[in-house]
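The values are calculated or read from the model by the stated rules, or taken from the named source; none is laboratory data. Just so it is clear, the model here is predicted, and its values are computed rather than measured. For neighbour counting, all protein chains shown are included, and Cβ atoms are generated from backbone atoms with ideal geometry for every residue, glycine included. Quick note on the areas: whole protein, heavy atoms, side chains included, nothing else; ligands and nucleic acids left out. Shrake-Rupley method; radii C 1.70, N 1.55, O 1.52, S 1.80 Å.
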There are 4 protein chains.
Amino acid sequence: MPLARDLEHEPASSDRLQAMSAVPLSPERRFASDNNAGVHPRVMEAIAAANHGHATAYGDDRWTRDAEQTFRDLFGRDIATFMVWGGTGANVMALATMLSPAGAVVCTDAAHINVDETGAPERVLGAKLIDVPHRDGRLQPEQLRDFAHFTGVMHHVQPSVLSITQSTEWGTLYSAEEIASLCDTAHSMGMKVHLDGARIANATSALGGTVDSLRSFTVDAGVDVISFGGAKNGMMHGEAVVYLDPELARSAPYVRKQVTQLPSKVRYISAQFVALLADGLWLENAAHANRMATLLYDKVAAIPGVHLPQAPAVNSLYPVLPADRIDVLRDWSFFYDWDVHHHQVRWMTSWDTTESDIESFAAGVAHFLG
Amino acid sequence: MPLARDLEHEPASSDRLQAMSAVPLSPERRFASDNNAGVHPRVMEAIAAANHGHATAYGDDRWTRDAEQTFRDLFGRDIATFMVWGGTGANVMALATMLSPAGAVVCTDAAHINVDETGAPERVLGAKLIDVPHRDGRLQPEQLRDFAHFTGVMHHVQPSVLSITQSTEWGTLYSAEEIASLCDTAHSMGMKVHLDGARIANATSALGGTVDSLRSFTVDAGVDVISFGGAKNGMMHGEAVVYLDPELARSAPYVRKQVTQLPSKVRYISAQFVALLADGLWLENAAHANRMATLLYDKVAAIPGVHLPQAPAVNSLYPVLPADRIDVLRDWSFFYDWDVHHHQVRWMTSWDTTESDIESFAAGVAHFLG
Amino acid sequence: MPLARDLEHEPASSDRLQAMSAVPLSPERRFASDNNAGVHPRVMEAIAAANHGHATAYGDDRWTRDAEQTFRDLFGRDIATFMVWGGTGANVMALATMLSPAGAVVCTDAAHINVDETGAPERVLGAKLIDVPHRDGRLQPEQLRDFAHFTGVMHHVQPSVLSITQSTEWGTLYSAEEIASLCDTAHSMGMKVHLDGARIANATSALGGTVDSLRSFTVDAGVDVISFGGAKNGMMHGEAVVYLDPELARSAPYVRKQVTQLPSKVRYISAQFVALLADGLWLENAAHANRMATLLYDKVAAIPGVHLPQAPAVNSLYPVLPADRIDVLRDWSFFYDWDVHHHQVRWMTSWDTTESDIESFAAGVAHFLG
Amino acid sequence: MPLARDLEHEPASSDRLQAMSAVPLSPERRFASDNNAGVHPRVMEAIAAANHGHATAYGDDRWTRDAEQTFRDLFGRDIATFMVWGGTGANVMALATMLSPAGAVVCTDAAHINVDETGAPERVLGAKLIDVPHRDGRLQPEQLRDFAHFTGVMHHVQPSVLSITQSTEWGTLYSAEEIASLCDTAHSMGMKVHLDGARIANATSALGGTVDSLRSFTVDAGVDVISFGGAKNGMMHGEAVVYLDPELARSAPYVRKQVTQLPSKVRYISAQFVALLADGLWLENAAHANRMATLLYDKVAAIPGVHLPQAPAVNSLYPVLPADRIDVLRDWSFFYDWDVHHHQVRWMTSWDTTESDIESFAAGVAHFLG
């Protein structure tokens, strides 16, 4: 378990700020998280268009059939896709259908499933997460092999699923080759591979920005099941559990309901996915967010007090800041702690971040750290 | 466990129908379920209005604060309200915060949590549901007392929560007095009371149609926690877990996330609830649906082959039909089986059902049963 | 859920009794339960004999290998057997290895797993028990078929395991043909069959008393997994989970430990099973207990106030008694309530019951009911 | 998660050994584990003495009342004690009664509950174990405080129970002061403290060998609940869950049965505990095992190839051996791997180890490593 991040609230009252002179205006859109952003207009239009008449609940509707076909086209394979409510639910459902009896999930100690889901996997799956130390957010094949000797020993959980995140919780990327190597190792140990793709669009954009880029690190690399994110990339709600190995989907319809992740009016999620995926909006949004993160890096990296050794790979920065400046800056424009023990915070861009937001925010950083 | 209902699909191809002459046009809106209906225009407007700029995810936003206040006003008490994704999730979250160790939930054998949630309660709670035979969908205080001798005996689960549904799965209602009596019995046995209010608006409408009506069978009757439904009454998605006893809400923030029911962009759910509740739309919608059910009853009850001994209390009818006529009628306009062993089906109206829909449907019933 | 039995305690102080004259002496061995009896001397000898030197814990020892071979010989097949601590644990472990995802267990409402295990199955399995009304303790094939329409419907748990008890909780027996018919029905629905054999010896004795009798209603009838009881038939502790279908045993080594049922010093359980099974002691003990129950029936059935319509099939009687006589009789010689709502109690014989115990007990019944 | 130990089997066939000349005789009692030893004669006598007549099952018998009183006397306080089947079960039951909703257990990465219980805690509790790096098997207060910022944040599990092991899995000891400090820190964070005392007797012996020694690091230090071991110290089966804080025991009777840890014929466990505890046998056995470990260390530490930097604190040694010598030595006299990645094994003494066993074993080590 890593030493993790927290603190979620709206800015405190601005009394303190009023006492200061010459405080720059805070940016209209904050850098707290990509799920603080709203819904993309084209997605909103799709929702409105779906709001016509009756449709069978629970997925037997034409929007959902369209969305399922869209996912099949995206991956170029006869896959099975299931719409669910949210990201934690997508992960839990995917893992619930992948685990063997007495099986464990191997992941990094920084994994969202390990740190940021309030133990939902352990509660709903009744399974152990074996968390191994991440390296820049990533897991290495030899860390899997370290647990090979568990297999067949009745006193130990049986390594059953590898879960990786792409892009990672630390804003880094696995190359397609690295994922292929992880999949090879996992499969050779009798394990399945889950990819938490809450920000799979940002990863795809960073790795080439094409459908082939996506396939290279998923279906071609050997990934078995994906939690395919929507809400962080311009949707209102909804994620998809994508079974690249449809054999694993056999229990999925029942398990989805059993883990409370079957939406009733699915059409409103499906319509969003079609709008996002059908003509490249998902990659446009992600590319924009990634580009804005690079711009933010360019604007703030040189500000004294901001310790930011690396340019971002996707849409987040993890600066270390002077301990006594964090709260005042956060009061001015909200963001999250990342590692409270090292005064490290997270700044994140989204599909709707503007250059003007970045100018404002960088001005604030310079002001409050000055 | 009752012998339950199933069969969910879109109408089969209409080939069979084309062979028939003089088949009436099927209704534009079906009678399958109130969750087959779309989103009410005023709710949709509220969603669109909320789609502006950034808002902290997970509930620390002004729409959610407004919704929480709206619920406080509705119940006239300093309650705690938590937005969640769906109805099964609302029930599971509520029960998870109410159960004592080794505790069991007492409910009817027709309860949604018992029959229609794919065992989500057992899986996520790890608790037994003690299901007792319903009488017209209702549970009686003496059925609770039958399990009083379990209390304190280590070989038996400990009755811990009573879960009732209002309006019931059979379209019936508890009176305020009946619920008060159940609450008294439950509390005297050391139990808490959960009310599954997936259709609480329809019940409120039928029991007087005022805020006082709502309070009479909930907060005044002694109910502790409510699953307050939204999606079946004109919302797109979202339910609320309402803690009339805020003491029970202490673990709710963590449990909500742990059972995968914490929405990220909560504002879009909260805004819907405000639109629905703030100026009576929830009761308008419910009253309309209830009225349409009565109208449907009036139009079909006398058709030969339709066995419908009772007028509806809320928005659903449960006719017994000739076994060989059910599929052809369903192919023409989809609805669900209710009790497959007795050829009983369910017809349900919704906020958007029109008189014209009812005319068309009744004509079809007469045609296919003729 | 049935209305069940409880009340476990030692006799209250005998003050009340002293006030009475001519109270007969209570029997040396009571009729409370067969698990109130001690350990058979030959079993105790086997334990002492096993207490020599070191043995690998967790089952890799020669006593366990002998016990496994003894079970193979008993069933005449290459089965897999796992020693566990107790009966509830055996049932939970067996079911844990048999259930499919989102699967449910079908059993009677009187089943031990349903009423007398404090919800252990629901907690440890996370699965629903679908309890159907028993008829004299038994379940009928058509009660299984009533749930066939659940299969394939995502809103319902999927019937996955049938669990029956032989002899039943009501002291009755399935014939070999009845079990074969249940197995056929279950298998045709894609289900597996579990037999709770806490008193399988008593059943075997009553059905012929040979190894062939045992096989007729288990391996020959199509049962997949047995909880094979030891403690109620003269052992100190220990039950065995017997996989007649060894394919189902693949995850058993891990699941046994995971559900806390892997004994460390297994040799002391295995040695008991060898002593019990190797030369027919298990059937001797059971035959004796059954015979004593018949004798008890002969002695008490005609006593006024004792309502006992049927002679026992195995080793228990379920008399209905005058409500105001139960406690005084119980104070004199302890036994359990069976159905508190109908003043029905349970009297049970065991491997060590003597004719003298029965004479004494019958005298007391006559005295206190006189 | 540490990289753990495994490999459980009886010695392979001795063919390989026959080919060698001058192989010393292997010791009569091995050094694999203290649960490979048998039952102490005085404990066996107590079992035999308890085997008389009938006793109410499930704990309402005089042996169990005696055992409960014995534990009260031992801790000098009005505690609550529950007999259970085994060590994993004791831990799971204890934690099940201690955890708050959404609560997590903090333990070391070497903890038995974390590595050697096949995920039983996660499965039965549905809770996360937060494992922190051990230092010589021990956990430090600051490692607890590292998770203080989780408290109150809804995305993180809530630290709820600290579980420490005394003596630790690495054969080390916490001082009474260290445990008091851990308890203070845990309690100040709103957590409860569980002590896994599978080898609590060995720890007590090493820390002074008196009842006061025991109290100093348990009840006086602030520990709330103990898993009190029996099977590794001369018992046949049985552990006790001891609630030093009886308030926590309120749900224990139900939870014990629900996690499958309620023995039926409890008297046979209780009688063993009385025999062990009543007149100091538990400390005699432990002192002997500890002394034998020191003797073994004295005999083998200087043998070339044996890397053993520290004398044992209790009854186990963790030598690093030449990789190519481990299997041949193990074939000669079985023991377990400890850290397969570092060629580290575990040698353990028990209550019945003799000096002659040690002479033989040391001779073998010298022979095979020579």
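For the interface of A with B, what's the total buried accessible surface in square angstrom, probe 1.4 angstrom, rounded to the nearest hundred? Separately minus together, A and B give about 4900 Å² buried.
Where in the range B:52-79 is the amide nitrogen less than 20 Å from a point lying 7 Å along the Cα-to-Cβ axis of B:E45? Backbone N within reach: B:52-53, B:63-64, B:66-67, B:70. Contact order for chain B, expressed relative to its length and based on alpha carbon pairs under 8 Å spaced 6+ residues apart, stands at 27 percent. Take chain C with all the other protein chains still there, run a 1.4 Å probe, and you get 31 Å² of accessible area per residue.
Residues in the range B:156-169 carry Karplus couplings, in order, of 10, 4, 9, x, 10, 9, 9, 10, 10, 10, 9, 4, 6, 5 Hz; the curve used is 6.51 cos²θ - 1.76 cosθ + 1.60 with θ = phi - 60°, and Gly or Pro positions show x. Work out which residues of the range C:41-62 lose at minimum 40 square angstrom of accessible surface when the other protein chains are put back, relative to the chain isolated, with a 1.4 angstrom probe, and list them by number. SASA drop of 40 Å² or more in the range C:41-62: C:M44, C:N51, C:H54, C:T56, C:Y58, C:D60. For the protein assembly as shown, the antiparallel share of DSSP beta bridges with both residues in that region comes to about 50%. Each distinct pair of alpha carbons in the range B:200-342 adds a 1/r term; the inverse of their mean, the Kirkwood radius, is 17.9 Å.
By accessible area, using a 1.4 Å probe on protein heavy atoms only, the protein assembly as shown has 49% of its surface on carbon and sulfur.
Here A:D78 yields copy-to-copy label distances, from shortest upward, of 3.6, 6.2, 7.2 nm, the label point defined as 7 Å from Cα along Cα to C-beta.
Residues considered: D:A90, D:A323, D:A180. Largest GNM mean-square fluctuation over chain D, using C-alpha springs under 10 Å, is found at D:A323. Using the rule -39500 (n - 2.57) for each DSSP H run of four or more residues, divided by the residues of the protein assembly as shown, the 222 nm mean residue ellipticity is -11000 deg cm²/dmol.
Which entries in B:K192/B:K299; A:K232/D:K128; C:K128/D:K265; B:K192/D:K265 show an alpha-carbon gap greater than 31 Å? Result: B:K192/B:K299; B:K192/D:K265 exceed 31 Å. Would you mind telling me which residue in A:M98, A:M348, A:M189 has the biggest mean-square fluctuation in a Gaussian network model of chain A, where springs connect alpha carbons within a distance under 10 angstrom? Result for chain A, Cα springs under 10 Å: A:M189 fluctuates most. Centre-to-centre, using Cα atoms only, the range C:256-305 and the range D:66-142 are separated by 34 Å. Taking every residue in A:335-346 and counting other chain Cβ atoms within 10 Å of its Cβ, the average works out to 1. Taking chain B as a Gaussian network of alpha-carbon nodes connected by springs under 10 Å, the highest mean-square fluctuation of the residues B:A289, B:A49, B:A120 belongs to B:A49.
A protection proxy built from the mean count of other Cβ atoms within 10 Å ranks the segments D:301-309, A:272-280, most packed first, as A:272-280, D:301-309.
Closest approach of a chain A Cβ to the axis relating A and C (residue, whole Å): A:G126, 3.
Residues whose amide H comes within less than 5 Å of that of C:G103, counting only those at least five positions distant or on another chain, are C:Q158 (H built at 1.01 Å from N in the peptide plane). Working note: Karplus 6.51/-1.76/1.60 with θ = phi - 60° gives the range C:112-127 the couplings 4, 4, 8, 10, 10, 10, 6, x, 4, x, 4, 5, 7, 8, x, 10 Hz, where Gly and Pro are set to x. With the Cα gyration tensor of chain C giving a ≥ b ≥ c as the square roots of its eigenvalues, does the rule (a/c under 1.5 for rounded; else a/b larger than b/c for prolate; else oblate) give rounded, prolate or oblate? It is oblate, given that a/c is not under 1.5 and a/b is not larger than b/c.
Scalar couplings 3J(HN,Hα) for the range C:134-147, obtained by applying the Karplus form with A = 6.51, B = -1.76, C = 1.60 to θ = phi - 60°, are 6, 10, 6, x, 9, 10, 10, x, 5, 6, 5, 4, 4, 9 Hz; x denotes Gly and Pro. Take C:S188, push a point 7 Å out from Cα through the beta-carbon direction, and compare it with the same point in every other copy: 4.9, 5.0, 7.0 nm, smallest first. Between C:D339 and C:Q344, C:V345, the built amide H atoms are under 5 Å apart, and every one of these is 5 or more places off in sequence or on another chain. The packing ranking, built from the mean of other Cβ atoms within 10 Å per residue, places the peptides B:225-231, D:60-66, D:29-35 in the order B:225-231, D:29-35, D:60-66, highest first. FRET efficiency for the B:V23 to D:T210 pair, using the beta carbon distance and R₀ = 56 Å, is estimated at 0.05. For D:K192, the residues whose modelled amide H falls within less than 5 Å of its own, excluding neighbours fewer than 5 places apart on the same chain, are D:V161, D:L162.
Within 10 Å of the Cβ of each residue in B:261-274, the mean number of Cβ atoms contributed by other protein chains is 4.
Between C:H307 and A:D66, the modelled labels are 6.7 nm apart [label points 7 Å from Cα along Cα→Cβ].
Remark: mean inter-chain Cβ contacts per residue of C:229-242 equal 2, using a 10 Å Cβ-Cβ cutoff to other protein chain atoms.
Its Cα centre serving as origin, the protein assembly as shown has a Cβ charge dipole (Lys and Arg +1, Asp and Glu -1) of approximately 0 debye. Shortest first, D:R42 label-point distances to identical copies amount to 3.4, 8.2, 8.3 nm, with the label point at 7 Å from Cα along Cα→Cβ.
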